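The values are calculated or read from the model by the stated rules, or taken from the named source; none is laboratory data. Just so we're clear, the structure is a prediction, and the values are computed from it rather than from any experiment. Positions of Cβ are generated from backbone atoms using ideal geometry, with glycine treated the same way; all protein chains shown enter the neighbour counts.
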């Protein structure tokens, strides 16, 4: 889905060598993810640790999400 925050995060990934893929995915893909996050105007980058009662990854904020949060905050502060 489109969105300004989403677009900024995609660009942050590309600028920092973080693999990013824009594609449709199934819930099975999500359930098996090591990490998950959502983006939004007010939340920026927010970790997702559980979906439909299923724990994603280790059930806590993981390193890539933390890195994206920090890079996104740097972008906001620079503008």
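Summary table
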| read-out | value |
| --- | --- |
| Which numbered condition residue 75 fails, given (1) surrounded by 12 or more Cβ atoms within 10 Å (Cβ to Cβ); (2) under 13 Å from the mean Cα position of the chain (by Cα); (3) not in a loop (DSSP other than H, G, I, E, B) | (2) |
| Near pairs, Cβ below 9 angstrom, 6+ apart or cross-chain, from the range 61-79 (in contact (Cβ under 8 Å) with a residue 24 or more places away in the chain) to any residue that is surrounded by fewer than 12 Cβ atoms within 10 Å (Cβ to Cβ) and part of a helix (DSSP H, G or I) | 71/15 |
| Residues satisfying the stated conditions in the range 14-23, i.e. modelled with pLDDT of 90 or more and either farther than 28 Å from residue 76 by Cα or in contact with a helix residue (DSSP H, G or I) (Cβ under 8 Å, 6 or more places away or on another chain) (or both) | 16, 18, 19, 20 |
| Within the range 1-10, tally of residues that are surrounded by 13 or more Cβ atoms within 10 Å (Cβ to Cβ) and either out of contact with any strand residue (DSSP E or B) (no Cβ under 7 Å at 6 or more places or on another chain) or free of Cβ contacts under 8 Å to residues at least 12 places away in the same chain (or both) | 2 |
| Residue in the range 12-35 that is surrounded by 12 or more Cβ atoms within 10 Å (Cβ to Cβ), at positive phi and either in contact (Cβ under 8 Å) with a residue 60 or more places away in the chain or within 12 Å of the chain's Cα centre (by Cα) (or both) present | no |
| Odd one out for residue 67, checked against (1) in a helix (DSSP H, G or I); (2) over 20 Å from residue 5 (Cβ atoms) | (2) |
| Odd one out for residue 55 among (1) over 19 Å from residue 72 (Cα atoms); (2) in contact (Cβ under 8 Å) with a residue 12 or more places away in the chain; (3) exposed (fewer than 15 other Cβ atoms within 10 Å of the Cβ) | (2) |
